[in-house]
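Okay, structure first, notes after.
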Amino acid sequence: MKTLGYYNGKIAELEEMTVPMLDRAAYFGDGVYDVAISRNKRIFALEEHLDRFMNSCKLLRITPSHTKEELASLFSSLLGKMDSGDQMIYFQYSRGSALRSHTFDPDMKPNLWVMIKPMTLKKNPKPLFCMTMEDTRFFHCNIKTINLIPNVLAAQEAEERGLDECIFHRGEEVTECAHSNVSILKDGVLVTHPTDNLILPGIARAHLIRACKALGIGVEERPFTLDELMDADEILVTSTTKLICPVVEIDKKPVAGKDQTRLSALCTYLWDEFERETN
Ligand code: PLP
């Protein structure tokens, strides 16, 4: 198949799939999701994605109707139906289906959605041109919910300005990006926002931290400011679908580019790890 949609057991090409109007995702955005990538039908860091998915369920009081093992085996059988090439695997639980009411039955059976589509993970991604924007999101950014309106609007604004990503800040404090995490290198140390309720605990960010530790690069998990961002030696954007990309421009000003040695060691480390685990 070229693309694949799965909804509670039904499978077809994505364009042919429909979902019921009573699915609470449709009118409340009441659900959680996760995104992983596969190469050679092997899903990179699947265990970490499943752990985060289960944690998002717990925080949103959605009772999973699958174990992690059942989900892993389902994804593997769905990937088996796909054409060759890198794939993006999106999976989502909506809380369930019911007539519209804010309150919910805590035992409601969730609806499982899976969407698989081809993607190309580029080994040497181009450096990113970014903009900044006040972070107007809520205080549950650690939960990977499907409520992404501020992220959608920020990503759209960046694209309409010919840019790659939008970096959010709350006042002076940099949080993360519209669809990725952002960290800086300064004086040989990686500084990255702590995993509190203001950012998504990115899987690629976690791999970046482990890469730093393996390479003897210090890590400080603390908030950093817009001034620190603009003055950083390097700026690193991480996400599952980009892995790691350097930033070279923010708000039309040239930035970073001052610690290419550590930057390229980190990029190489993360790419080698990805290629090893999906080989
Ligand atoms: N932050 C936000 C808001 C995101 O949407 C994403 C990815 O979708 C990330 C961070 C990066 O997370 P991950 O590395 O798990 O893909």
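Some points to look at:
- Every test in (1) more than 25 Å from residue 251 (Cβ to Cβ); (2) surrounded by 21 or more Cβ atoms within 10 Å (Cβ to Cβ); (3) of a type outside the set (S, T, N, Q) is passed by residue 190 save one, and that test is (1).
- Per-region count, the stretch 47-81, residues under 15 Å from residue 36 (Cα atoms) and either modelled with pLDDT under 95 or not small (Gly, Ala, Ser) (or both): 14
- Residue match in the stretch 253-260 (condition: within 12 Å of the ligand (Cβ to nearest atom) and among the β-branched types (Val, Ile, Thr)): no
- Inter-residue pairs, beta-carbon under 8 Å, first in contact (Cβ under 8 Å) with a residue 12 or more places away in the chain and in the stretch 47-64, second within 12 Å of the ligand (Cβ to nearest atom) and of a type in the set (D, E, K, R), 6+ apart: 49/34; 50/34; 52/34; 52/144; 53/34; 53/144; 56/34; 56/144
- Pair list, Cβ under 6 Å, 6 or more apart: the stretch 78-104 residue at negative phi, other residue among the small types (Gly, Ala, Ser) and assigned to a helix (DSSP H, G or I): 94/25
- Any hit, the stretch 212-233, residues being within 15 Å of the ligand (Cβ to nearest atom), aliphatic (A, V, I, L, M) and not in a loop (DSSP other than H, G, I, E, B): no
- Candidates are the residues of the stretch 29-58 that are small (Gly, Ala, Ser) and within 16 Å of residue 4 (Cβ to Cβ); the one that is farthest from the ligand (Cβ to nearest atom) is 38.
Let's see how each residue does on (1) surrounded by 14 or more Cβ atoms within 10 Å (Cβ to Cβ); (2) part of a strand (DSSP E or B):
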{"position": "6", "(1), (2)": "yes, yes"}
{"position": "11", "(1), (2)": "yes, yes"}
{"position": "34", "(1), (2)": "yes, yes"}
{"position": "57", "(1), (2)": "yes, no"}
{"position": "83", "(1), (2)": "no, no"}
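- Residue 205 vs. criteria within 14 Å of the ligand (Cβ to nearest atom), surrounded by fewer than 21 Cβ atoms within 10 Å (Cβ to Cβ) and under 19 Å from residue 49 (Cβ atoms): no
The values are calculated or read from the model by the stated rules, or taken from the named source; none is laboratory data. Everything numeric in this text was worked out from a predicted model, so none of it was measured. Note that we place each Cβ from the backbone using ideal geometry, even for glycine, and neighbour counts take in every protein chain shown.
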